[in-house]
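Worksheet for the structure shown next.
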Amino acid sequence: MQRVSGAQQRDGEPEHTRGLEVMSDAVRYRSYLLELFEPHCGRSILEVGSGLGDLAEDLLGYERLVVTDVDPGCLRRLSTRFEGRPEVKVMPFDLREDDPSITRVDTVLAVNVLEHIVDDVAALRRMARVVTPGGTIVLFVPAFPSLYGPHDRAAGHVRRYVPRTLRAAVASAGLGVEVLHPVNFLGGLAWWVAVRIGGCSSPRSSLVGLYDRLVVPLVRLMERRWRPPFGQSILCVARVPDGSAAADSEDASGR
């Protein structure tokens, strides 16, 4: 499907869809995300909340890719976009409900999804049920309540995480934490200025373009050498216990 830039937004489309379209042109940012995610992905991936499919389109060379959403409009557009890729399956998936029909994958990828769900621990358990034992869940969530602003409210964000609260949710879901740290330090500073001071309630095409061209290359260069204590987002890689670990846990508990 042809990408639609922020200047080509359709009248009457939902606000969240227009926001996704503004971000469609942020190609350097998506490349940065893939650099963070792909070292932790297996041969098959289920992406939760694929939206318009911009990130999924760049997930290449995998045996199986399942792209999902809960929005019917997004699902229609995903079906059109990926109709020429036989390894890709488009389907609905709602983290608020159990869905036994989904075939297990090596990795679940959830980018800016978990913050929308009130019971995040239950959502993490549902992700784990569709991952093969020993597989991974790669999470990318908005960070630090100090950055919460009008955009978060408009987008339906229940929370922003700090490393401690995300680690606690992952552990409560019975998952192991392999990677967990803030990312995008410069983006966090820019977000604080734009949202907390400027009152920006939605991504603007002009600002996204400047951020993608000027800030993202600096972020990638900095964070290859330095792990920041603060950032716009948190990256977490959680490991789903394998069968032997689960059995050992049950034996230890006497069940």
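Just so it is clear, none of the values below were taken in a lab; they were calculated from the coordinates. Please read all numbers here as calculations on a predicted model, not as lab measurements. No Cβ is skipped: glycine too gets one built from the backbone with ideal geometry, and neighbour counts run over all protein chains shown.
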Förster-model FRET efficiency, 35 Å R0, Arg204 and Val179, C-beta, rounded to 0.05 = 0.65
key: Residue order, fewest to most beta carbons within 10 Å, for Cys41, Cys236   = Cys41, Cys236
message = Take Val70 and Asp58, extend 7 Å from each Cα along the Cα→Cβ direction, and tell me the distance between the two endpoints in nm.
response = 2.6
key: Exposure proxy ranking, count of Cβ atoms within 10 Å, fewest first, for Leu114, Leu207   = Leu207, Leu114
ask   = Roughly how many nanometres apart are two label points built 7 Å out from the Cα toward the Cβ at Tyr148 and Lys89?
value = 3.7
ask   = With a Cα-only, solvent-free Debye model of the stretch 6-247, what are the log10 I(q)/I(0) values at q = 0.09 Å⁻¹?
value = -0.37
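Label the stretch 132-215 by shape, choosing from rounded, prolate and oblate, from the square roots a ≥ b ≥ c of the eigenvalues of the Cα gyration tensor; if a/c is under 1.5 it is rounded, and otherwise prolate applies when a/b is larger than b/c, oblate when it is not. Don't jump to the answer; show the numbers that get you there.
Working: a/c = 2.46, a/b = 1.88, b/c = 1.31.
Judged from the Cα gyration tensor, the stretch 132-215 comes out prolate (a/c at least 1.5, a/b above b/c).
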task = Please list the non-local residues whose amide H lies under 5 Å from the amide H of Val105, H modeled 1.01 Å from N, same-chain partners needing a gap of 5 or more.
result = Val131, Thr132
